[in-house]
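Down below is the structure, laid out as structure tokens.
The values are calculated or read from the model by the stated rules, or taken from the named source; none is laboratory data. All values reported here derive from a predicted model rather than from experimental measurement. Neighbour counts run over all protein chains shown; Cβ positions are idealised from the backbone, glycine included. Just so you know, the surface numbers come from the protein's heavy atoms only, side chains and all, with ligands and any DNA or RNA stripped out. Shrake-Rupley method; radii C 1.70, N 1.55, O 1.52, S 1.80 Å.
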Amino acid sequence: MSRTTNRPARSAFASTLCAALCMALCAVAAASCSAAPRDRADLVIGTVCSVRILDGGDRRALDAAFERLRGIEASMSANAEGTVVAAINAGAGAVPVPAPADVRYVIRKALSYAELSGGAFDPTIGPVVKLWNIGMDGERIPAPEEIAEALPLVDASAVAVDDAASTVFLPRAGMMLDLGAIAKGYAADEVARVLLEHRVKAAVVDLGGNVKVVGRKPDGSPWRIGIQDPFDDRGSRIGIAELEGGATVVTSGVYERYFIGDDGAHYHHILDPATGYPARNGLVSVTVISSSSIDADGLSTTLFSLGLERGMALVETLDHVEAVFIDEDRRVYQSSGAGKLFKLDNPAFTLTALPSR
Ligand code: ADP
Ligand code: MG
């Protein structure tokens, strides 16, 4: 199985993360020569996290923000030992496991997206994620029998969250929670909260492309956040969203984590819980613009997994949430309110209307 090497900024492999981190730190170093902003970038929660303060706060705000990120990693990572999520998974089929309020909050949110999506989003996808191991050592195409064995363990409706007892229980041995589709969004909301608590007046939080803007820019202009071109290197845009403070822009895409199988096919990390294989529906990315990053993260994965038509239908039922879908033919589809926030300016892409039904 070969890894792709032509687009190093695209995957979440450790070496690539290190390279990205170096670039981010160089940017920080460059910025620190100039007068104002206080920046920091570090590898946490499995991705490059950067915080740039433009107004207010001080170094303690950055310390507190990264401490919170490490706390979230220590409780919510499914890939590390000793986390609360690992303990819940180890207790599957045996015992309810103590879980603090923040972990239960994120799990409840994930379960709500499982319900909203009719199962296209499912945080109990863990056993299937582990089979593929996409973006980790040992990534591979599992045998169909392995997938058939893992799929019955994927069942969000079986998860028991008990707020009175402060526990979470997975009722069947082998079940595994994976909060990878939503924890980064929660982390972005938490970093924003911590920064405001430390009297930060303006900041940009970027957790591996999951962006949240905090407060008002010192010059009073709107925040301008690019939407990633899924076919080009990180940092290339298809257009820019102009946003108020508190807004978030979250993208789920096939380029985030993937590998090329021995069969030459592209296998990415958003899995269809119905089949156990990467969701293949013609989409290459879905971006959600909203104010809650946990919701935007849950939704971007949900909309991707649902596909263009069902995803667009769902987003149109939600208030204060806009979405931009990009398909493999470089067609861009936007929800009815997205045009007020986002302008497509990359001529390689075509703004396209969904055929009315
Ligand atoms: P990213 O981590 O690149 O921001 P997403 O938010 O879309 O991307 O989350 C993808 C991750 O979510 C996968 O790496 C996996 O851990 C998990 N996952 C994959 N498929 C699903 C699914 N259908 N429902 C819920 N979680 C999923
Ligand atoms: Mg997500």
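Filter the cross-link list Lys109/Lys217; Lys130/Lys212; Lys201/Lys343; Lys109/Lys130 down to pairs whose alpha-carbon distance in this structure exceeds 25 Å. Over 25 Å Cα-Cα: Lys109/Lys217; Lys130/Lys212; Lys201/Lys343. Using heavy atoms of the protein chains and a probe of 1.4 Å, the accessible area assigned to Leu341 is about 50 Å². For the chain, the solvent-accessible area with a 1.4 angstrom probe is 44 square angstrom per residue. A full extension of the chain between Ala353 and Arg310 corresponds to an added length of 14.0 nm, given 0.36 nm per residue minus the alpha carbon distance. Hey, with R₀ at 51 Å, roughly what FRET efficiency would Arg108 and Arg237 work out to, going by the Cβ-Cβ distance, to 0.05? Given R0 = 51 Å and the Cβ-Cβ separation, E is 0.90. Identify, among Leu271, Ala74, Pro222, the residue whose Cα sits farthest towards the positive end of the charge dipole of the chain, taking +1 on the Cβ of Lys and Arg and -1 on the Cβ of Asp and Glu, with the dipole about the Cα centre. Most positive-ward Cα: Pro222. In the complete set of protein chains, residue-level accessible area for Asp319 is approximately 120 Å², probe 1.4 angstrom. Taking only protein heavy atoms and a 1.4 Å probe, the accessible area of region 163-240 is 51% carbon and sulfur.
The simple spin-label model puts a point 7 Å past each Cα toward its Cβ; for Thr317 and Arg331 those points are separated by 2.4 nm. Running a GNM on the chain with Cα contacts under 10 Å, which residue among Asp329, Asp155, Asp206 ends up with the highest mean-square fluctuation? Looking only at Asp329, Asp155, Asp206, the largest GNM fluctuation is found for Asp329. In the chain, the DSSP-assigned H stretches of four residues or longer account for a calculated mean residue ellipticity at 222 nm of -10000 deg cm²/dmol, using -39500 (n - 2.57) per stretch and the full residue count as denominator. Across Ala160, Ala265, Ala41, mean-square fluctuation computed from a Gaussian network of the chain (C-alpha pairs under 10 Å connected) peaks at Ala265. Loop-located trypsin sites (Lys or Arg not before Pro) across region 179-232 with a Cβ neighbour count of 14 or fewer within 10 Å are Arg199, with loop assigned by DSSP.
When the Gaussian network model of the chain links Cα atoms closer than 10 Å, the mean-square fluctuations of Asn89, Asn133, Asn346 top out at Asn346. Among complete DSSP H helices in the chain, those whose alpha-carbon atoms stretch at least 18 Å along the helix's long axis and whose mean Kyte-Doolittle hydropathy reaches 1.6 are 14-33. Placing dummy labels 7 Å off each Cα toward the beta-carbon, the span from Met136 to Tyr277 is 2.3 nm.
Using 1/(1 + (r/R0)^6) with R0 = 35 angstrom and r between the beta carbons of Arg172 and Glu67, what's the FRET efficiency to the nearest 0.05?
0.45
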